[in-house]
Structure formats: structure tokens, C-alpha cells
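K.L.:
Right, I'll just put the structure down here and ask away after.
Values quoted throughout were computed directly from the atomic coordinates according to the rules given, and no laboratory measurement underlies them. In this text the structure is predicted, and so the values were computed from the model without any measurement. Glycine gets a Cβ as well: all are built from the backbone with ideal geometry, and neighbour counts include every protein chain shown.
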Amino acid sequence: MTNLQKYWKHLKIVCRHKYYVFYACCKAGIPFRGLVHDLSKFSPTEFAASAKHFQGTKSHIQHAKDTDGYSLAWQHHKRKNRHHWEYWTNFEKGKIVTIPIPPVVMAEMLCDWVGAGMAYAGGEWDVRVIKKWFAENKGYMYIHPDTFKYLENVINAADCAEDIYEYADPKTIAQVMSATTTMWTASSAVPYMVSKNMLATGYYQNKCAKCDVSFVDISPVGRLCTKCATEKVLESGRFNDPEEDADGN
């Protein structure tokens, strides 16, 4: 494959990925995030390095790591794009600490995962692709427990892409997380940080108190799964706009 062919094929894959992510973001109610998603991939630092290692059947990032020991494109990308969980990690006093990811960024992250699968799988994609990918990779992720819990619940509960789009809505994310955890609110200004040890030991295998579905939680008992918690919050009207409540609507 010539260098020109590598550049052209890499450009097509990036554009295809952006198309699917934009579609997912529109379905999730965050079209602007879809529009600006991954624009850094067109920067000279990322595009040239990625095209150089383009393989067609293997990740250019992995190929760069295998041949050079690191990927310059990836080092740049994860520091410029908030929808990657690596952006929300710090190294403090010999430990990796994690920061809660804001709802709108979590939404874009889910859309990115769906869009990446669709870009590479094309018409063969279904929800089993993201379930399989998440199951294989979640053990290597350093994500704040509240964020991880929501992402895992959504992916495990999803029967199709539409389910993921529904629960990728930032308002829904904020509602559910505010209702099911004491460690996070949508308006938190100061990030809550947790060590990897807390992440590893702070989970319990749980069952939803309403529908009995199994899921992972930070509390051993008395919790609802993402779907039931969302329904409960929306039915209660707890997060309605104060002005609407005052008008009796």
C-alpha cells in the first residue's frame, strides 16, 4: 500500500466514524458535540502519524505501539478530547486517581463507542458488538465508580442502539446519577477523586429492587438499575424546571 493510499483510506475511515458519531449524538440530543467530535484527528500531528501506521485490518494506534513503542497520534488525541476516559485521570503521589465525567461528556463517550463500532463493522453492527468490546476492555479502564456504574448499566441493559441513545441523553444521565448516588450531582463544581484501589473494591454485585436484573453498584442493597431508576425519576417529576412547577405544569 502506497503512502497516498494510506492517507486516503485513513481519511475515509475518520470521516465514516465522524458520520456515525454525529448521527448517534443527534439521536442523544447533543448534535453540536457530534459536529465537533474528533476534529483533532485532522490536525497535522494526528493525521500524519495515523496515516503512516494505517493497516486497514488493525488499529493504527496499536501498530504504532508495536513498531515505535508508543503512538504520537494517540498521545495527542487523548489529551485533546474529553470524551476519552483517559482525559479524566490524574497521577498523584504514585496513584492513578479518577475524576467524575460530566453528563454531556459521558453522552459523547457512549456515542463514540457506538460510532466506532459502526464505522468498522458497517452493516454488520448490532448491540452485541459494543457489549463484547466493553466486556473485554472494562477491566483495563480507570473510570470513576459513578461514571463506570452508569456506563456499564446502560450497555448491559441495551437491546439495540436506540436504547443507548435514549440513556446517552445528558439530562437523563444527570437525573439518574443524582437519584442513585450521593457522590455526584450534575452541578458539582469540584471533581470527586478516587484511587484505583477504591475502584476495585468499592463495587457489589447487586440486583435491581424492582425488575431483579443483575448489575454492579457501589452499594450492596436497595438500588435500582439504570432503566428503573430513570423511570422512577421521570415519573416523580423531581427534576422538572422550577418555573414549570410554579405554573402547575
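K.L.:
To the nearest Å, what is the center-to-center distance of the stretch 101-141 and the stretch 31-64, using C-alpha atoms only?
P.N.:
If you average the Cα positions of each part, the centres end up 17 Å apart.
K.L.:
Between Trp8 and Ala135, with labels modelled 7 Å along Cα→Cβ, what's the label distance in nm to one decimal, could you check?
P.N.:
My value for the distance between the label points is 4.0 nm.
K.L.:
Starting from the Cα of Ser59, step 7 Å along the direction of its Cβ; do the same at Arg82; then give the gap between the two resulting points in nm.
P.N.:
2.4 nm
K.L.:
For Ala121 and Asn156, FRET efficiency with R0 = 35 Å and r from the beta-carbon atoms, rounded to 0.05? Each step should come with its number before you reach the end.
P.N.:
Values: r = 20 Å, r/R0 = 0.57.
Given R0 = 35 Å and the Cβ-Cβ separation, E is 0.95.
K.L.:
Next question, about the same structure. Would you work out the relative contact order for the stretch 37-150, in percent, from Cα pairs under 8 angstrom that are 6 or more residues apart?
P.N.:
Details: 93 pairs, mean separation 23.2, N = 114.
Rounded, it is 20 percent for the stretch 37-150.
K.L.:
Under the rule a/c < 1.5 gives rounded, and otherwise a/b versus b/c splits prolate from oblate, where does the stretch 1-159 land using the Cα gyration tensor?
P.N.:
Judged from the Cα gyration tensor, the stretch 1-159 comes out oblate (a/c at least 1.5, b/c at or above a/b).
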